[in-house]
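**Q** Submitted below is the structure of interest, expressed as structure tokens.
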Amino acid sequence: MSLLKELERGLPTRVIGRKVRVYDVVTSTNDLLWELSDRGAEEGTAVFADGQTHGRGRLGRSWWSPTGKGIWMSVLLRPPTAEGAVPMTTIVGALATADAVRATTRLPALIRWPNDILVRGKKAAGVLVEARAAPNGRILVLGIGIDVNASRSEMPQDIAKLATSLSEEANEEINRLELAKSLLGELDRWYQIELEQDTETINQRWRSLSATLGSRIVLEQGRQRYEGTVFDVDVRFGLALRLDRGGIKHFRGEHVTVLDEA
Amino acid sequence: MDIEEIRGLLDELAAFMEKNNLAELELDVDGAEVKLKKTNNRPQQQAVAQAPTPAGPAPGNTGSPEQPAQKQGTETITSPMVGTFYRAPKPDTDPFVEPDDEVDEDTVLCIIEAMKVMNEIKAEHKGRVAEILAENGEPIEYGQPLFRIVVSD
């Protein structure tokens with residue numbers, strides 16, 4: 001039985017964490033939650049799995065999810081879709097993940113714009129948000145994967161180059177149950193801040209945890225390439241780049257397709 | 001100067017105005033005139049107003065009203081948000097739909113990525129894909145036409 005089974009008792013949170021389902025191995029927690037959503041699962045429902053056979057990241061990239069070694073979870077959200085409301089769910093997921101990792105492990109988790117969590121420059125967690133239309137508004141599935149206790153030696157080679165696990169960085173086994181509880185609490189807290197449209201609180205925390213701020217990057221928008229130094233991140237205005245060729249340009253997250261460190 | 005460069009220039013000018021707290025700016029460079037005036041409290045307001053548009057009530061808004069005289073109507077599926085248009089779930093797989101494909105209300109036509117949220121856009125109509133109006137990977141604007149669907153009775 002999964003170590004995480006205890007989560008099904010629920011946490012005394014407001015929306016996220018009250019209703020939790022824990023599974024052994026699933027295809028992907030996002031897929032599973034879409035199925036539960038079709039059957040009427042309520043907002044805030046979270047699913048955890050010990051392992052995923054078809055974990056995925058952005059644009060269908062596969063996500064390595066070794067059984068019993070990580071946090072593989074998804075949560076169902078229905079944020080208001082009012083005109084003018086800023087879609088902040090991706091950054092909310094990243095902030096909650098970074099804060100939970102920091103609280104549980106004391107590791108210096110940072111956010112690489114906008115949906116990767118890094119520890120000492122290597123990716124330790126990621127966020128994937130998928131949305132579908134619903135009769136009155138939209139349904140979002142926020143998926144989070146955290147590499148918790150995998151050892152470097154068991155990682156596939158291409159992953160070991162770019163990624164790490166919390167236990168590798170902390171030099172000790174991490175308690176997955178404690179991390180999962182912390183994550184649910186942080187998600188609940190940050191989601192409330194999103195519902196209040198408190199962009200300033202989100203921006204402040206994002207800036208203080210940003211691995212991207214101040215770094216030189218190359219990004220693509222449509223067919224154009226831009227190189228420069230990031231001098232601001234903002235949920236409304238996007239990423240502000242001081243271009244190498246001179247001038248300042250803002251890139252809304254919606255339009256940036258490739259982002260690499262220069 | 002292409003549209004992207006013009007946008008970039010406007011961004012720069014808006015940032016300059018913001019930084020120096022200017023309400024108006026006029027510029028004449030080699031006969032090209034630019035006049036910017038702050039209407040709200042932020043010069044970027046206008047550009048930004050489009051950004052925070054999560055889906056309207058129903059993504060895949062139908063655009064132009066169909067012509068009632070036609071036996072088979074055509075519906076234009078427009079983008080419910082600013083984002084990046086993807087025709088396939090992954091870069092190396094087949095597109096969700098091709099021209100002439102039959103679709104129904106639940107057929108997924110494309111994904112619009114907005115703030116790293118992958119938004120599925122469904123056909124919302126039963127019919128046939130007549131035309132695909134945007135290119136894979138292209139940045140798109142709110143209300144931009146994406147597909148023409150010939151609706152079956």
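**Q** Within segment B:91-124, can you find the residues that are on the phi > 0 side of the Ramachandran plot and of a type in the set (D, E, K, R)?
**A** B:ASP100, B:LYS116, B:GLU124
**Q** For segment B:68-89, indicate whether the set of residues that are over 14 Å from the mean Cα position of the chain (by Cα), within 11 Å of another protein chain (Cβ to nearest Cβ) and at pLDDT 65 or above is non-empty.
**A** Checked against the condition, which is being over 14 Å from the mean Cα position of the chain (by Cα), within 11 Å of another protein chain (Cβ to nearest Cβ) and at pLDDT 65 or above, segment B:68-89 yields at least one hit.
**Q** Considering only segment B:121-152, how many residues are among the hydroxyl-bearing types (Ser, Thr, Tyr) and open to solvent by 50 Å² or more (accessible area, probe 1.4 Å)?
**A** Within segment B:121-152, residues that are among the hydroxyl-bearing types (Ser, Thr, Tyr) and open to solvent by 50 Å² or more (accessible area, probe 1.4 Å) number 1.
**Q** Looking at A:SER65, is it of a type in the set (Gly, Ala, Ser), in contact (Cβ under 8 Å) with a residue 60 or more places away in the chain and either surrounded by fewer than 24 Cβ atoms within 10 Å (Cβ to Cβ) or within 14 Å of chain B (Cβ to nearest Cβ) (or both)?
**A** Judged against the criteria, A:SER65 is not a match.
**Q** Does segment A:122-137 contain at least one residue that is facing another protein chain (nearest Cβ under 9 Å), out of contact with any helix residue (DSSP H, G or I) (no Cβ under 7 Å at 6 or more places or on another chain), touching a residue at least 60 places away in the same chain (Cβ under 8 Å) and surrounded by fewer than 22 Cβ atoms within 10 Å (Cβ to Cβ)?
**A** yes
**Q** To continue, here is another question. Of all residues in segment A:231-246, how many are of a type in the set (Phe, Trp, Tyr) and touching a Leu at 6+ places or on another chain (Cβ under 9 Å)?
**A** 1
**Q** Separate question: Quick check: anything in segment B:95-117 more than 12 Å from every other protein chain (Cβ to nearest Cβ), closer than 28 Å to A:GLU220 by Cβ, at pLDDT 95 or above and open to solvent by 70 Å² or more (accessible area, probe 1.4 Å)?
**A** Yes, the conditions are met somewhere in segment B:95-117.
**Q** Additional query: Go through (1) touching a Leu at 6+ places or on another chain (Cβ under 6 Å); (2) more than 14 Å from chain B (Cβ to nearest Cβ) for A:GLU35 and report which single condition fails.
**A** (1)
**Q** For segment A:162-199, which residues satisfy the criterion of being assigned to a helix (DSSP H, G or I), over 15 Å from A:THR89 (Cα atoms) and open to solvent by 10 Å² or more (accessible area, probe 1.4 Å)?
**A** A:LEU162, A:SER167, A:GLU168, A:GLU169, A:ALA170, A:ARG176, A:LEU177, A:GLU178, A:LYS181, A:SER182, A:GLY185
The values are calculated or read from the model by the stated rules, or taken from the named source; none is laboratory data. This structure is a prediction, so every number in the text was calculated from the model and none was measured. So basically every Cβ, Gly included, is an ideal-geometry build from the backbone, and we count neighbours across all protein chains shown. To get the accessible areas, we keep the full protein, side chains included, count just its heavy atoms, and leave off ligands, DNA and RNA. Shrake-Rupley method; radii C 1.70, N 1.55, O 1.52, S 1.80 Å.
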